[in-house]
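Worksheet: one structure, shown below.
The values are calculated or read from the model by the stated rules, or taken from the named source; none is laboratory data. No experiment lies behind these values; they were computed from the predicted model shown. Please note: Cβ atoms are built from the backbone with ideal geometry, for glycine as well, and neighbour counts cover all protein chains shown. Only protein heavy atoms, including side chains, enter the accessible area calculation; ligands, DNA and RNA are left aside. Shrake-Rupley method; radii C 1.70, N 1.55, O 1.52, S 1.80 Å.
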Amino acid sequence: MAVAFWILAVIAVAGGVAVFVVDSMARATFALLASLLAVGVTFLLIDLRYLGALIILMMVMEMLVMAVFMIMYMMNPAGLMPMKMVHNKTGAAVIAGTVFVLLAAGAVLTRWPEGRGTPPADPTHALGLAIMGPKMLVMMVIGVAILATMIASVVLATHRGRYGSAMPDRHRDGEGS
């Protein structure tokens, strides 16, 4: 398990570095996807199955949507043509280095509490209760309502409208009785 963790950690860091090293938006998108997939698999590795699956599914869908929009709207085909990905390299490097040193110092110099007790039988359920408390059911219902709203918005926004091709053309244009 420790070997798998370190392999995933190297993949996650290498993917994160590649986001800023490659010279196209598409390559940066897929490097970010590789990095976040490694993070999701790490969550699966530490037995947080729900969060791991959620990270993997969300990141795959998010990166695919971003790739689709790059293909549709970018001037260069699919974001594959070389472009300058970082502006003000010196300032960005100074800020990134400073933030890294501060975060690393905080992680190394902080007195971490000693582990007490045993892990819960179902860590996903325990995490959900810790985050949401008694409002978990409400959030699940709201999630379904938001999904239904998104689907309804897409259906109503299409050119064909709510009725699809079943509606005659004269009714779409406001003609007829």
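Thr90 - would you say it is assigned to a helix (DSSP H, G or I), of a type in the set (Val, Ile, Thr), modelled with pLDDT of 85 or more and open to solvent by 70 Å² or more (accessible area, probe 1.4 Å)?
Values: assigned to a helix (DSSP H, G or I): yes; of a type in the set (Val, Ile, Thr): yes; modelled with pLDDT of 85 or more: yes; open to solvent by 70 Å² or more (accessible area, probe 1.4 Å): yes.
Spelling it out, Thr90 is indeed assigned to a helix (DSSP H, G or I), of a type in the set (Val, Ile, Thr), modelled with pLDDT of 85 or more and open to solvent by 70 Å² or more (accessible area, probe 1.4 Å).
With the requirement that a residue be open to solvent by 60 Å² or more (accessible area, probe 1.4 Å) and part of a helix (DSSP H, G or I), what does the range 97-126 give you? Explain how you work it out, then say what you get.
Within the range 97-126, the subset open to solvent by 60 Å² or more (accessible area, probe 1.4 Å) is 98-103, 108-122, 125.
Result: Thr98, Val99, Phe100, Val101, Leu102, Leu103, Val108, Leu109, His125.
Of all the numbered requirements in (1) among the polar types (S, T, N, Q); (2) over 27 Å from Met1 (Cα atoms); (3) in contact (Cβ under 8 Å) with a residue 60 or more places away in the chain, Thr29 misses one, and that requirement is (3).
In the set Leu64, Leu54, which member is out of contact with any Lys or Arg (no Cβ under 7 Å at 6 or more places or on another chain), modelled with pLDDT under 85 and open to solvent by 40 Å² or more (accessible area, probe 1.4 Å)? After ruling out the rest, the residue left standing is Leu64. Phe30 meets the conditions (1) exposed (fewer than 13 other Cβ atoms within 10 Å of the Cβ); (2) over 30 Å from Asp122 (Cβ atoms) in every case but one. The failed one is (1). One residue stands out among those in the range 10-26 that are in contact with a Gly (Cβ under 8 Å, 6 or more places away or on another chain) and assigned to a helix (DSSP H, G or I): the one that is most open to solvent (accessible area, probe 1.4 Å), which is Met25.
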